[in-house]
Amino acid sequence: MTTADLLGKIIQVVAALAAFSLVIGLVLFLIDKAPKRGRDYWQLAFFLLPALILLAVGLIYPAFRTSLLAFSNSSGEWVGGENFVWMFTQPAALITLGNTVIWVVVVPILSTAIGLAYALFIDKSRGEKYFKALVFMPMAISFVGAGIIWRFVYDYKSGDSAQIGLLNQILVWFGAEPVQWLQTSPINTFLLIVVMIWIQTGFAMVICSAAIKGVPTEQIEAAQLDGTNPWQRFTNVTLPGIRGSLVVVITTISIATLKVFDIVRTMTAGNFDTSVIANEMYTQAFRAGEQGRGAALAIVLFLLVLPIVIYNVRVLRQQREIR
Amino acid sequence: MSDNVVDLPIPGTAKGKADSTAEVVGKASRVKRRLTSRTATAVALVIAVLWTLPTFGLFISSFRPAGLISTTGWWTIFQNPGFTLANYQEVLFSTSQSSPQLGAYFVNSLAIAIPATLFPLVIAAMAAYAFAWIKFKWSGALFVLIFALQIVPLQLALIPLLQMFTQFLRPGQIWIHELIPMIPEQGYLPVWIAHTIFALPLAIFLLHNFISEIPGEVIEAARVDGASHGQVFFRIVLPLAVPALASFAIFQFLWVWNDLLVALIFSGGTQDVAPLTQRLAELTGTRGQDWQRLTAAAFVSLVVPLIVFFSLQRYFVRGLLAGSTKG
């Protein structure tokens, strides 16, 4: 990077910010000078139109275009449902779909379970804040960064040379042969899933913890006086009390998992039978030049996310009403 | 959303009642808790260690000399001691072709993230204000439509958006480049616009929730005194909405900083535009065994989010809770 490059970058940012504030300030000034009749409409248009135009041009129209693209081939000819047939018949594409199912079943369940258990165990303990920060920290790390962190854990050295990946070293300590983890299917998919669980557990833990603290202490004390053991108190008092939050956690993590792209991209790039829908969509549309297939995969992703989001929104609505 | 998600006090409702009996019950339950919670504490400790160890290992390794990283595990640091800052110096400042040259990408990450946070923030706040405080036909239906847009995965918009950018935005960028040669043809503009668009549905929804709860009398009074909507927005609404704006800004900043997909598609991948995440992904692909570079490079990219996270944890959690459906 030369000084000129840096200068160019700074100019871009400063110019963009200046232009942006200038436009907004100018329109604001002009609107106050607008003729009295219809001034309210001018003001409304000023406040609303930037967002509406951006959304219409950048999200709604492209979404329709993608829906059409999904039915054409790479040169733009109409091919009907051929892309979808490809998706559900080709072995490689089927593995992608299968992997996505595994991800979306395993990640939400395990991260919620671990997060909930952790939140319960450290509840009201000394240093709870620090315990939380430790598990929550991966949430701030990018998926790419997390990918590198875990690739290091899974690293493999052949032959007699010392292992530098922790996982293989543990195997060696127990007298086993080291494994090329990321190249070995199907274990590699699960090792990628571990990374996602590692990230999402913190999220589950924070929300579960807040919910647990919302369960009235009287109820727990009453159950205690009745001579229940901790497990009974958990299943009969705490669990029903935090059901709403659990649903939100599970659905939210499911959606994030369906769209997981960066982890697969960084760790294996979808090779060795580890691809998932979001990664395949990118590979097909932007690497292989098969835009139709990419669009079809995006549509499937949308259809998979849709019911979860609707369910999530309904639960949130109900909770709002109760409050 | 509650302010105290991370370190919640015991809910206020339980306090008054419990006060008189607190001492008796408190002691009894504390004794019981201590007996039953020994295994629980042990399990919690194991989880905490498991969750921290991978990052810790990478962090330690990033300060070890290249020769030691590739031949010995980081857990043998005491048998094989060695400390160096050379890795960081190499990934950040070395100008040789083969080194990661992260300095330029670090600047890019900042240059992308700051405007891509501010643009949607302002545009969404304006729209949220209109939905909350300007009465017009179709207001309700339009708002529901924008709310519903959150369910569109950004994957669905990528291909056509890229086509549109090449068709309409590209000529403008070339023109700017000819005007000011210092600005490369492939500028930040597409990435900014893409991030802004994808952020809007959630941002409008969140900010609307907050802005609509500002007491109506305040705004009515200003309107009666002859203030225009513009004045009300800048003088009254924005200052009052600072907590919500901060929450969203932090969430959006981290989202953009950590994003890979949007960058891959709209940045072109050159040193002129590509952010750190894209460079890191590239390095793992081409130089996956250069651990002395990867470890240090990973930490360079983690520093900013970790600082934001630890200093603004409370806001971050709130933004996260509210924004968890984004994408």
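Every number in this text was worked out from the coordinates using simple rules, so none of it is lab data. All values reported here derive from a predicted model rather than from experimental measurement. Note that we place each Cβ from the backbone using ideal geometry, even for glycine, and neighbour counts take in every protein chain shown.
Our note on the geometry: Cα centres of the range A:52-79 and the range A:170-228, 40 Å apart.
Summing charges over neighbours of B:ASN108, with a neighbour being any other residue whose Cβ is under 15 Å away from its Cβ, gives -2 when K and R count +1 and D and E count -1.
The H on the amide N of A:SER72, modeled in the peptide plane, is under 5 Å from the matching H of A:VAL79, each at least 5 residues off or on a different chain. Summary of the geometry: the range B:178-222 and the range B:108-141, compared by the centres of their Cα atoms, lie 4 Å apart. Over 25 Å between Cα atoms: which of A:LYS33/B:LYS135; A:LYS36/B:LYS137; A:LYS129/A:LYS213; A:LYS129/A:LYS259; A:LYS36/B:LYS135 fall into that group? Violating the 25 Å limit, Cα to Cα: A:LYS129/A:LYS259. Over the range B:128-167, the ratio between the Cα radius of gyration and 2.2 N^0.38 Å evaluates to 1.62. Each residue in A:ARG265, B:ARG293, B:ARG287 was given a count of other beta-carbon atoms within 10 angstrom of its own, and listing them fewest first yields B:ARG287, B:ARG293, A:ARG265.
Averaged over the residues of B:293-304, the number of partner chain Cβ atoms lying within 10 Å of the residue Cβ comes to 3. Our summary gives the range B:193-302 a relative contact order of 22 percent, counting only alpha carbon pairs under 8 angstrom and 6 or more residues apart.
About its Cα centre, the dipole of the range A:3-69 is roughly 240 debye, where the only charges are +1 on Lys and Arg Cβ and -1 on Asp and Glu Cβ.
Show me the chymotrypsin sites (Phe, Trp or Tyr not before Pro) within the range A:115-213 that DSSP assigns to loop and that have at most 11 other Cβ atoms within 10 Å of their Cβ.
Hits after loop and neighbour filter: A:PHE174.
State which helices in chain A qualify, where a helix is a whole DSSP H run, it must extend 18 Å or more along its own axis by its Cα atoms, and its mean Kyte-Doolittle hydropathy must be at least 1.6.
A:3-32, A:91-122, A:187-214, A:243-258
Which of rounded, prolate or oblate describes chain A when judged by the alpha-carbon gyration tensor and an a/c cut-off of 1.5? Judged from the Cα gyration tensor, chain A comes out oblate (a/c at least 1.5, b/c at or above a/b). Mean per-residue shielding of peptide A:9-18 is 6, counting Cβ atoms of other chains within 10 Å of each Cβ. Remark: mean inter-chain Cβ contacts per residue of B:205-211 equal 0, using a 10 Å Cβ-Cβ cutoff to other protein chain atoms. Under the shape rule built on the C-alpha gyration tensor, where the axes satisfy a ≥ b ≥ c, the protein assembly as shown is oblate, since a/c reaches at least 1.5 while a/b does not exceed b/c. Checking the a/c ratio against 1.5 first, then a/b against b/c, what shape does the Cα gyration tensor give for the range A:3-69? Taking the square roots of the gyration eigenvalues as a ≥ b ≥ c, the range A:3-69 is oblate. Overall, the range B:101-323 carries a charge dipole of about 220 debye about its Cα centre when +1 sits on the Cβ of Lys and Arg and -1 on the Cβ of Asp and Glu, all other atoms neutral.
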